[in-house]
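What follows is a set of notes on a single structure, which appears directly below.
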Amino acid sequence: MGFSFLSTFPRLLPIVPAPSLTTTSTAPVAPRYPSHAPQIVIRCNKMETDVAAEDDDRFRRRDILKCVGVTIGMELMASSGSFVKNASAADLIQRRQRSEFQSSIKGTLYTRIKGNLDLISPLLTLALNDALTYDKATKSGGPNGSIRFSSELSRPENKGLSAALNLLEEAKKEIDSFSKGGPISYADLIQYAAQSATKATFLASAIRKCGGNEEKGSLLYSAYGSNGQWGLFDRQFGRADTQEPDPEGRVPQWDKASVKEMKDKFSAIGLGPRQLAVMSAFLGPDQAATETFLATDPDVSPWVQKYQRSRETVSQTDYEVDLITALTKLSTLGQQINYEAYTYPVQKVDLSKLKL
């Protein structure tokens, strides 16, 4: 369905009837355009006050052609396939369906995590380790849900993550029960759990800054927090699950790896010391200890200090925005997003059966 701009294009000038061409009267001929002062010469791209009285009745042909040309151009743009496709009702319905499903997922995860705050750190590491199997050379691995397989979950780098996966298994049952567009993939679920866990840490920080008052902390986070920065992350919704574990040896064992090994791994997937520092909470249960260790490296230390200072501010903007940006990139490594995932046909209403 296209859009017509012609029907809404304003009349260029209020036209008054022109005098008869057959009149023989010598009386002054009324101008075709009302003589309101000051007279305005209309252009498609600007408006000027007319200082030449003899031009009062001239609306030049090239000006008309300019306006018509612009209008025709708008009509062509409106009738183009991509414009119509993006504005189609079907597309808007699918967006709404995905948005509503996403909101329900977040609600379920929020409730589950709130009752299991001790699993925030494992949930973050679960998402990180699932994504870090990405291999740039072979374009394989990444956040594809492979960590759900027992043979991968039992690897040394994934030690202690079973409880987090069990939590998500229970959440998945609930989410699938109300989904109208099919079951949620583990790949999506794991990354959205990391988002919910990250938000929980942001909220907890705001509550601490309000002396433990949850109501005031929630208001602080709503007013100064980073909720508005998650747009790109939320659009990347529709990851597909792999059907086999990813190859071994791609993820460091964080509690034994050197900072250089960590930097090398982040570099291999297109991230650097900055992202390593901001994702310190994903590398183990003791963020302070992890940051102390990372700060021993001259490349990472400035970023660690930057984010520590940021977390002392009311809004901790630098820390939150950079963490969201890093997680967004990490959560899509090597993935083809299906932007129609979780949509479903809308039942048509038979108007003939309605009793009006």
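The values are calculated or read from the model by the stated rules, or taken from the named source; none is laboratory data. Being a predicted model, the structure only gives us computed values, none of them experimental. All Cβ positions, glycine included, derive from the backbone under ideal geometry; neighbour counts span all protein chains shown. Accessible surface is based on the protein model in full, side chains and every heavy atom, while ligands, DNA and RNA are left aside. Shrake-Rupley method; radii C 1.70, N 1.55, O 1.52, S 1.80 Å.
Within this structure, residue 174 fails the test of being out of contact with any helix residue (DSSP H, G or I) (no Cβ under 6 Å at 6 or more places or on another chain), open to solvent by 10 Å² or more (accessible area, probe 1.4 Å) and either acidic (Asp, Glu) or at pLDDT below 95 (or both). The listed residues are 283, 327, and the only one of them that is in contact with a Ser or Thr (Cβ under 6 Å, 6 or more places away or on another chain) and within 27 Å of residue 218 (Cα to Cα) turns out to be 283. Scanning the range 181-194 for residues that are assigned to a helix (DSSP H, G or I) and either hydroxyl-bearing (Ser, Thr, Tyr) or surrounded by fewer than 21 Cβ atoms within 10 Å (Cβ to Cβ) (or both) turns up 186, 192.
Checking the stated criteria, residue 138 turns out not to satisfy the condition of being surrounded by 21 or more Cβ atoms within 10 Å (Cβ to Cβ) and in a loop (DSSP other than H, G, I, E, B).
Given the criteria more than 23 Å from residue 137 (Cβ to Cβ), touching a residue at least 40 places away in the same chain (Cβ under 8 Å) and within 29 Å of the chain's Cα centre (by Cα), does residue 274 qualify? In short, yes.
This table checks each residue for (1) more than 17 Å from residue 317 (Cβ to Cβ); (2) at pLDDT 95 or above.
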position	(1), (2)
193	yes, yes
196	yes, yes
200	yes, yes
205	no, yes
212	yes, yes
224	no, no
227	no, no
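Here the range 215-230 is the region considered, the condition is being under 23 Å from the mean Cα position of the chain (by Cα) and closer than 13 Å to residue 201 by Cα, and the residue that is least open to solvent (accessible area, probe 1.4 Å) is 226. Residues that are buried (at least 17 other Cβ atoms within 10 Å of the Cβ) and touching a Pro at 6+ places or on another chain (Cβ under 8 Å) number at least 2 in the following helices (runs of 4 or more DSSP H) confined to the range 235-335: 259-268.
Checked against (1) touching an Asp or Glu at 6+ places or on another chain (Cβ under 8 Å); (2) farther than 23 Å from residue 122 by Cβ; (3) open to solvent by less than 50 Å² (accessible area, probe 1.4 Å), residue 212 passes all but a single condition, namely (1).
Against the list (1) modelled with pLDDT under 95; (2) open to solvent by less than 50 Å² (accessible area, probe 1.4 Å); (3) touching a helix residue (DSSP H, G or I) at 6+ places or on another chain (Cβ under 8 Å), the condition residue 87 fails is (3). For residue 151, indicate whether it is outside any loop (DSSP other than H, G, I, E, B), open to solvent by 50 Å² or more (accessible area, probe 1.4 Å) and farther than 21 Å from residue 238 by Cα. Yes, satisfied.
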